[in-house]
Amino acid sequence: MIKASSRLEIVLQVMFIGLVVAIVLEQANPLYQVPNRDSGFFMYAGGQILKGKLLYLDIWDSKGPLIFYINAFALWLGHGSRWGVWGMEFIFLFSAAFVGFKFMEKLGGRIPALFGTALWLFAFNNVARGGNFTEEYSLLFSFVALYLFWLGAQKPHNRIYPFVIGVTLALNFLLRANNIGVQLSIIFVTIFSGFLDKNLQQGLKRLLWIGFGVLSVLAIVGVYFSALGTIDDMFQAAVAYNFFYSRGGTRLDDLAISFVRGVNLLGYLSLIPTFLGFGILLERLPESIRSGPTPFRDLSFLLLIGYPVEIVMSGLSGNNFPHYYICWSPYIALLSGLLLGLHERSNKRHLLTLTVMIVLISFIKFDTLSQYQTAFTKILFDRGSGIELVHPVAKYIRDNTETTDTVLVWGTQPYINLLARRDSPTGILFYPQLAKSPFTDELNNRFYRDLVQNKPAFIVDMVNPDNDTIPFIDPVLRETQSQRLRRFNPPLNLDQVFDFIHSHYHVETQIAGVTIYRLNDTGQ
């Protein structure tokens, strides 16, 4: 029988984590926020999958397939509403935080678990930028892998733990190849510990089971895409293309710049305790090595090796987008928790601490919780008044086009298509800023062919005036960008695309500073 105090403790833990996760996901609240660029694309692509379109053929991107199917499933659950995606984010982020909390509780006690959980969620909040990124969903698999590594170090002959670690590796890879830092570090530590303990055979057995876990997932995915006839398209887009996309950040000075940016974005409040925890582990390492093979020694190796690996992985592409640093979160949690020591606190004190934190956070974030109250009231009792924020450009498109019309959004902001409920005439939505690769010219040519053959009713120029990677459609405005387009490599057919647009479209209006072009009369 579970004691009443233990049941209450679990309830309070769930309330605390759920409360903090809900506050963090305020930035993704569909009633008050529109999606960011990547999130909007993932949702749009998920919606296209639900319509029967083929990923990487009818709708193209360089990410692994899992993010699109997560979004498709979330939209299906939400009956097309973005609240389905918000709910999926909540489930994944809550699960990651809960797994991490229970791991840290086992490792160092309840108070360190609270501290580490609150700190990594605070850091995550600084870089989530609207959420629904591949790195966000990867956190659950990374925390699970870390917990299973710890359990496996205590039961080295267990086969389930390394097998599931392999499954998490494959799932993270299917989200984004750079998200496998935790699992790569586990593999390295397994080999290193085998050499150190002169028991390489045991380590190789673990690696074999990790490999079985990876292959079991990839085999299922391979069979699925082979059945669709798009296995080659998937490999080209999700694997091969990324080797060219990621060439920009492999130099040491680029990685240093990425590291500094990550520190600034995540915040010193989160990373100072993390670095101090790293220093504590490093200072204890000689003693851990002398003590022989122990779970804590192997976990120390993993944290000391894994954190630098994660830092490198987040900077490899050279783009340094804020969401890349989400993957630092497990190390922020575990390393910062070390500062409070490995001593258990009394249960009563823990219950009081949880209760006080829940009440305090609820009071401080009352406005955020009120927004959720308004949103959920609308969802349950007043859906007709609208349960999602609609961008004024998307509303104009809805009101002035037929549902069968297509709309091209220039400037890589496909959330407009999503909110307007109008398909794009092409699946190449990232034109004209695709990275140079052996496949890029064909993708650019596909964009032009689709544009000519499936003339959209509207073309919406969503280029940000401060953007230095995408040119405006308007040649006068484009001239003002000439000194700023430092990172833009124009595709060979860009002038051809502009000529087609200017000869077949005219300016219809401007909405919220966005120029909307309408197709000329039929036959022009």
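Any read-out appearing in this document is the output of simple, stated calculations on the displayed coordinates, not a laboratory observation. On a predicted model such as this, the values are computed, not experimentally measured, just so you know. Virtual Cβ from ideal backbone geometry, glycine too; neighbours counted across all protein chains shown.
From the residues PHE275, SER437, TYR505, which one has its Cα farthest along the dipole of the chain in the positive direction, the dipole being from +1 and -1 charges on Cβ of Lys/Arg and Asp/Glu about the Cα centre?
Final value for the positive-end residue is PHE275.
Just to confirm a number: summing +1 for Lys and Arg and -1 for Asp and Glu over residues other than ILE186 whose beta-carbon lies under 14 angstrom from that of ILE186, what do you get?
Neighbour charge sum, excluding ILE186 itself: -1.
Net charge around TYR505, counting only other residues with Cβ within less than 10 Å of its Cβ (Lys, Arg = +1; Asp, Glu = -1)?
Its environment carries a net charge of +1.
What angle do you read, to the nearest 10 degrees and between 0 and 90, between the alpha-carbon axis of helix 494-504 and the longest principal axis of the chain?
With both axes taken from Cα atoms, the answer is about 50 degrees.
Could you compute the net charge surrounding LEU419? Neighbours are other residues with a C-beta less than 10 Å from the C-beta of LEU419; K and R count +1, D and E count -1.
Residues close to LEU419 contribute a combined charge of +4.
Suppose every K and R has +1 on its Cβ and every D and E has -1 on its Cβ; what is the size of the dipole of region 392-519 about the Cα centre, in Debye to the nearest 20?
Magnitude of the dipole: close to 240 debye.
Between region 55-105 and region 484-524, what's the alpha-carbon centroid distance in Å?
34
Which angle from 0 to 90°, rounded to the nearest 10, does the C-alpha axis of helix 66-77 make with the longest principal axis of the chain?
Here the helix axis deviates by roughly 80 degrees.
Would you work out the relative contact order for region 97-152, in percent, from Cα pairs under 8 angstrom that are 6 or more residues apart?
Relative contact order, region 97-152: 41 percent.
Excluding residues fewer than 8 places away in the same chain, name every one of the lysines whose C-alpha is closer than 29 Å to that of LYS102.
Within reach: LYS3, LYS155, LYS205, LYS348, LYS365.
With the dipole of the chain worked out from charges on the C-beta (+1 for Lys and Arg, -1 for Asp and Glu) around the Cα centre, which of LEU184, ILE305, LEU340 lies farthest toward the positive end?
Positive-most Cα among the choices belongs to LEU340.
Which of the peptides 492-504, 303-315 is most tightly packed, and how do the rest follow, judged by the mean count of other Cβ atoms within 10 Å per residue?
My ranking of the peptides, most packed first, is 303-315, 492-504.
Check which residues have an amide H placed less than 5 Å from LEU31's amide H, if you skip close sequence neighbours.
So LEU31 has HN proximity to LEU389.
As a check on your grasp of the helix formula, calculate [θ] at 222 nm for the chain: sum -39500 (n - 2.57) over DSSP H runs of n ≥ 4, divide by the residue count, round to the nearest 500.
Helix-only estimate at 222 nm: -21000 deg cm²/dmol.
For LYS63, go through the lysines and keep the ones whose alpha-carbon is under 28 Å away, minus same-chain ones fewer than eight residues off.
Within reach: LYS51, LYS53, LYS436, LYS455.
Please give the peptides 170-176, 363-369 ranked by average Cβ packing (other Cβ atoms within 10 Å per residue), highest first, as a rough proxy for protection.
Per-residue mean Cβ counts within 10 Å order the peptides as 170-176, 363-369.
Considering the options ASN126, PHE16, LEU77, tell which one lies farthest towards the positive end of the dipole of region 4-361, charges being +1 on Lys and Arg and -1 on Asp and Glu at the Cβ, about the Cα centre.
Of ASN126, PHE16, LEU77, it is PHE16.
Let me know the charge dipole size of region 86-204 about its Cα centre in debye, to the nearest 20, where only the beta-carbon of Lys, Arg (+1) and Asp, Glu (-1) is charged.
260
For region 30-47, in order, what is each residue's ³J(HN,Hα) by Karplus, 6.51 cos²θ - 1.76 cosθ + 1.60 with θ = phi - 60°, in whole Hz (x at glycine and Pro)?
So the Karplus estimates, Gly and Pro as x, are x, 6, 10, 10, 9, x, 6, 4, 5, 4, x, 5, 4, 5, 4, 5, x, x Hz.
For a protection proxy built on the mean count of beta-carbon atoms within 10 angstrom, sort 141-149, 9-17, 209-217 highest first, please.
Going from most to least packed, we get 141-149, 209-217, 9-17.
Measure nothing but the geometry: give the 0 to 90° angle between the long axis through the Cα atoms of 110-127 and the longest principal axis through the Cα atoms of the chain, rounded to 10°.
Once rounded, the angle reads 20 degrees.
Place a +1 charge on the Cβ of each Lys and Arg in the chain and a -1 charge on the Cβ of each Asp and Glu, then give the dipole magnitude about the Cα centre in debye, rounded to the nearest 20.
So the dipole magnitude of the chain works out to roughly 1820 debye.
Long-range amide H contacts for TYR505: which residues qualify at under 5 Å (H placed 1.01 Å from N, peptide plane, sequence gap of 5 or more or a different chain)?
ASN520
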